[in-house]
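Heads up, the thing below is written out as structure tokens.
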């Protein structure tokens, strides 16, 4: 098939590569404009643009794809279908109706659950047992189009936002190739989304990572995993930010020992980790990073810093 591919971050590269390797003709790639990065302030390619340049695929980078000049530039490139994966801009009806087979979106959730921009992290934070990818026929709404194809996976016990990102990126790459083959054969049947089952996710920001120890240990453990590697869960120790990279819910007997302490108090600190009282239960921190220092195990952290029982975090 002739395809125009729209995407920007790492998540989209796997799908683009899979389509290229499957023999589809990528007539153009559309991605976000280059952004300045680092002290040099030099423009940096998006991951999708870097891949396209390597493969000599034409690259379009409109500031706003809905502008008439951007729409007209798209028309210069023949395509039976547009494939979209984390592009970052909303397509107009004019664009959606341009290819004969429409615009297909790779979304990292089992729609209609977790529409929006951060479905991967919220699946972990909310304690979902499964997730997956949806190939969706796009319409003018945000992730509201008909479901064409889905693939499902189970979340691991210690799943993080980063590990699930990698799994769903690979799964999305497989799914779009499979879906296009079915589309070619007439084997896809659009299924309207059930609005009664729909849920929405908000964008991630750094403030979300601040740990409120009045919450349960189970909630905070999922927050730590869901926001790893970005924006990361954190608290404060002695006025410095303390990032928490790995933690677990303590066994019940340790929860009972901690029950009289105020939330956020260090209950113990030793070889097994740093135990912190929560609103319900206790959290054992096993990997952390104090502002200005390297990420390290709780054991190594305690070699250089005392953390007596009763120390209050946050």
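No value in this document is a laboratory result; all are computed from the given coordinates. A quick note: this is a predicted structure, and the numbers were derived from the prediction, not measured. Positions of Cβ are backbone-derived with ideal geometry, glycine not excepted, and every protein chain shown enters the neighbour counts.
For region 206-304, the relative contact order works out to 27 percent when only alpha carbon pairs closer than 8 Å and six or more residues apart are counted. Centroid-to-centroid, using Cα positions, region 293-314 and region 162-226 are 34 Å apart.
For the pair residue 215 and residue 50, label points projected 7 Å from Cα toward Cβ lie 3.2 nm apart.
In the chain, the calculated helix contribution to ellipticity at 222 nm averages -8000 deg cm²/dmol per residue, counting -39,500 (n - 2.57) for every DSSP H run with n ≥ 4. Note on residue 302 and residue 236: their simple-model spin labels are 2.6 nm apart, each label 7 Å out from Cα toward Cβ. Working note: Debye formula, equal point scatterers on the alpha-carbon atoms of region 177-281, no solvent; log10 I(q)/I(0) at q = 0.14 Å⁻¹ is -0.66. Between the Cα long axis of helix 10-21 and the first principal axis of the chain there is an angle of about 40°, rounded to the nearest 10. Across region 2-201, the volume of the C-alpha convex hull divided among the residues equals 126 Å³ per residue. Note on region 91-217: percent of Cα-Cα distances in each 5 Å bin, starting at 0 and stopping at the bin with the largest distance, equals 2, 10, 19, 21, 19, 14, 8, 4, 2, 1, 0. What the Cβ-Cβ distance of residue 63 and residue 10 gives, at R0 = 30 Å and to the nearest 0.05, is a FRET efficiency of 0.85.
Computed over region 107-207, relative contact order equals 39 percent, with contacts defined as Cα pairs under 8 Å that lie 6+ residues apart. A crude spin-label estimate for the pair residue 280 and residue 144, with each label 7 Å from Cα along the Cβ direction, gives 3.5 nm. Relative to a virtual label point 7 Å from the Cα of residue 42 in the Cα→beta-carbon direction, which members of region 1-23 show backbone nitrogen distances below 13 Å? Answer for region 1-23: none. Distance from the Cα centroid of region 43-69 to that of region 111-145 is 25 Å (rounded to whole angstrom).
A viscosity of 1.567 mPa s and a temperature of 4 °C, combined with the Kirkwood radius over C-alpha pairs in the Stokes-Einstein formula, give region 155-199 a diffusion coefficient of 99 µm²/s.
How much of the DSSP beta bridge set in the chain is antiparallel, as a percent to the nearest 5? For the chain, the DSSP antiparallel bridge percentage is about 65.
Please list, by residue number, everything in region 6-47 whose backbone N is under 15 Å from a paramagnetic label point 7 Å out along Cα→Cβ of residue 166. The answer is 10-11, 14, whose backbone nitrogens lie closer than 15 Å to the label point.
So what are region 48-102's ellipsoid semi-axes, whole angstrom, largest first, if each one is the square root of 5 times an eigenvalue of the alpha-carbon gyration tensor?
Taking √(5λ) for each Cα gyration eigenvalue gives 18, 13, 12 Å.
Normalised by the number of residues in the chain, the average gap of Cα pairs under 8 Å and 6 or more apart makes the relative contact order 13 percent.
Is region 158-228 best put as rounded, prolate or oblate by its Cα gyration tensor, with a ≥ b ≥ c the root eigenvalues, rounded for a/c under 1.5, and otherwise prolate when a/b is larger than b/c, oblate when not? The shape class here is prolate.
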